[in-house]
Amino acid sequence: MAECLRANKGRLQRLDVSQNNMQLDGARALVERFLMPIKFTIKIFRPAGHSVGMGLSKEMKVMGVHPNGCIDKWNRENPSEAVIAGDIVTGVNGQTEAGKMNRVMADKQDLEISIDRPGAGLGYLDICYNS
């Protein structure tokens, strides 16, 4: 169950698995699986004169996606790989230092952006243990 739900990459924001028969070991396995970060890479084309279209903190955490930007377009075309607030940019075209990643996103048009999503993107998990 956990592996299938992890494939949602954060689209599922709330999960309630009460009234189940998964036992304590099953509940622990589900929680542990959801706590593992998800890693994925997106490839976008940034036309000259356009920004990538996401707000980033100095730690490269995605603060938001700008409407009609390159990332918003990516999200609409690739909902299973959508970039969301809380994601962390860990690499851009092989660069892993924040200043260099920002420079590459401003200078290059073909971008390969590596993303980490902490905790599988799930904001709420409610498990009632039923024996």
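Points to keep in mind about this one:
- Taken one residue at a time, the phi angles of the range 59-67 give Karplus couplings (6.51, -1.76, 1.60, θ = phi - 60°) of 8, 6, 7, 6, 8, x, 10, 7, x Hz. Gly and Pro are set to x.
- Straight-distance candidates among the lysines for linking to Lys73, with alpha-carbon spacing under 22 Å and chain neighbours fewer than 8 residues away dropped: Lys9, Lys39, Lys43, Lys61, Lys108.
- Shape class for the range 26-117: prolate, because the ratio a/c of the largest to smallest gyration tensor axis (alpha-carbon atoms, square roots of eigenvalues) is 1.5 or more and a/b beats b/c.
- Between His50 and Asp116, full extension at 0.36 nm per residue minus the direct alpha carbon distance yields a gain of 21.3 nm.
- In plain terms, the chain from Leu35 to Lys73 could stretch by 10.8 nm, reckoned as 0.36 nm per residue minus the Cα-Cα distance.
Any read-out appearing in this document is the output of simple, stated calculations on the displayed coordinates, not a laboratory observation. Every value quoted in this text rests on a predicted model; they were computed, and no experiment measured them.
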